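Heads up: the structure comes next, in structure tokens.
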Amino acid sequence: MIRLDFSNILTEEIGHNGLSLIEIENEAKKSISLLSKKPYKELDFINLPFQDTSQIKELAKKARDYEYFIVLGIGGSALGPRVLLEALSPFNNLRKKNRVFIYDNVDPATFKYIIEIIDLKKTLINVISKSGSTAETLASFLLFWRMIRDRKLDVRQHFIFTTDSEKGNLKMIADEYEIPSLEIPKNVVGRYSVLTPVGLLLSEVIGIKSEELLEGAKEISERAYRENLNENPMAYLASCLYLMDKLKNRKVLVFLPYSDRLKTMSEWFCQLWAESLGKEGKGTTPYPSLGTTDQHSQLQLWMEGPEDKVILFVSIDNHGFQEEIPQEFHDIEGLRYLGGHTLEELINTEQLATEMALRMNKKPNMKIIIPKIDSFIIGQLFQFLQITTAMAGLLYGVNPFNQPGVELGKRLTYGAMGKRGFETEGEEVKNYLKR
Ligand code: PA5
């Protein structure tokens, strides 16, 4: 089970930079009561662990026959799958089968490299878009669609769509061309969708049992509404982060896992936090990091820079591998002391030392502790962070499930690219370029 240690945020530990337990608990209770009123239908993501995965498993069985599996999607439709791939199947592409490419950024060079590597005949393409209207995803889809058709391959054998159950361009195409499809539940939005077919199909393809992910997430979902704070660490975390902003003006949240396998989790969490909370002038800025790497590039700033940050560590009790550092060079103290320890001891000691150093400098920091990295725990971590973010949104009084701020840029892109109905935006882009 995931644990949360927030002692280094308390006044007893870090003086005036800290918070009192009473303040934290009052706000935590408030977050549970706000959540219990279920003010948004999008809170349905909390029930995802109870879904039936038989259709996903069936399609995954077919997908495993292909050598290459390509995901086309962006934002919430790409980052979750990428976390699963990197956390649970690192170096996946050194395998002979089921090599995975996640193409999100419409970077023409990345596209070229991917098509140079894959063999289309042995490729299955999973197009993921909740709305079915995201320009980047649809452009990539069109490229692959054309290539599949040019080679006279059957589109039904080479595409799987993951999209809204009722509407959108992909839904229309799926119905017309009988493309196998998986549904993203109506009330689940992109960045909260990793535990839907968005992430679960890829998991099954790379050999991760979706039921293990969901089993982990279920333990967390069952605690979401619990009023006993000792059983609801999400409420504590949401409260601490919210109060650090409101009462201590700490506007930057550094997410700092100590494992390469969680590097993408850092990016995923930053999207979740930023897009869910950054509205109406509210929210804090998430900052993706990685330990120990960033001790050698960012720690100086965290220790002595502006008093605007909270550090959120993710520490891993057991990394699963005990590689002992060799005992060599007995006369050179700079190497001698390392010998006989394990790499796990070193990475975990680095984490502990950084946490202590921050505390000694009165810098607020917290720690999520996970026993190990496996599908059960990754499922827990996803749900833990998603529920925490939703609770924080409720404390801020913003809707954590919309993203009105990204619409304008999308409309201007549509206008500039000549989409009908966006002529005014097209003119605005032209005028901007002329100025
Ligand atoms: O969280 C969100 O809603 C967004 O990040 C979306 O996931 C992203 O914009 C992609 O949207 P879609 O899945 O509709 O293509």
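The values are calculated or read from the model by the stated rules, or taken from the named source; none is laboratory data. Treat the numbers as computed from the prediction; the structure is a model and nothing was measured. For neighbour counting, all protein chains shown are included, and Cβ atoms are generated from backbone atoms with ideal geometry for every residue, glycine included. To get the accessible areas, we keep the full protein, side chains included, count just its heavy atoms, and leave off ligands, DNA and RNA. Shrake-Rupley method; radii C 1.70, N 1.55, O 1.52, S 1.80 Å.
Taking the accessible area of the stretch 160-281, probe 1.4 Å, and keeping the other protein chains in place, the carbon and sulfur fraction comes to 43%.
Accessible surface calculations at 1.4 Å, restricted to protein heavy atoms, place the stretch 261-349 at 54 Å² per residue. Each Lys and Arg contributes +1 and each Asp and Glu -1, all at the Cβ; summed about the Cα centre of the chain, the dipole is approximately 1500 debye.
For the stretch 116-189, the per residue solvent-accessible surface stands at 49 Å², with DNA, RNA and ligands left out and a 1.4 Å probe.
Between Arg191, Arg151, Arg82, the Gaussian network model of the chain with springs among Cα atoms under 10 angstrom shows the greatest mean-square fluctuation at Arg151.
Taking only DSSP H segments of four or more residues, each worth -39500 (n - 2.57), what value at 222 nm results for the chain once the sum is divided by all its residues, to the nearest 500 deg cm²/dmol? Don't skip to the answer; put the middle values down first.
Details: 18 runs with 201 residues, N = 435.
When only DSSP H runs of four or more count, the value is -14000 deg cm²/dmol.
In this view, the solvent-accessible surface of His330, computed with a 1.4 Å probe and all protein chains in place, comes to about 120 Å².
Residues of the stretch 122-148 with amide nitrogen under 15 Å from the 7 Å Cα-to-Cβ point of Gln157? Within reach of a label on Gln157, which here means backbone N under 15 Å from a point 7 Å along Cα→Cβ, the stretch 122-148 contributes 122-125, 148.
Counting heavy atoms of the protein chains alone, Arg99 has an accessible area of about 60 Å² for a 1.4 Å probe.
Computed over the alpha carbons of the chain, Rg followed by Dmax gives 23.1, 75 Å.
Here the dipole of the stretch 95-169 is about 480 debye; that uses its Cα centre as origin and unit charges on the Cβ of Lys and Arg (positive) and Asp and Glu (negative). With the contact rule set at Cα under 8 Å and sequence spacing of 6 or more, what percent relative contact order holds for the chain? After rounding, I find 22 percent. In the elastic network of the chain, a GNM with C-alpha springs shorter than 10 Å, the most mobile of Gly397, Gly418, Gly320 is Gly418.
Can you compute the label reach from Val406? Point 7 Å from Cα along the Cβ direction, backbone N cut-off under 20 Å, restricted to the stretch 95-116. Output list for this probe position: 102-108. Each semi-axis of the equivalent ellipsoid for the stretch 44-87 is √(5λ) with λ an eigenvalue of the Cα gyration tensor; in descending order they amount to 20, 18, 9 Å.
Based on the mean of other beta carbon atoms within 10 Å per residue, what is the order of 34-43, 426-435, 131-140, 401-410, most packed first? Spell out each step's value before the answer.
Working: 34-43: 15.1, 426-435: 10.7, 131-140: 19.7, 401-410: 13.1.
Those peptides, ordered most packed to least, come out 131-140, 34-43, 401-410, 426-435.
When the convex hull of its Cα atoms is viewed from all sides, the stretch 101-181 shows a mean projected area of 4.9 nm².
Protein-only accessible surface at a 1.4 angstrom probe places the residues Met360, Met147 in the order Met360, Met147, largest first.
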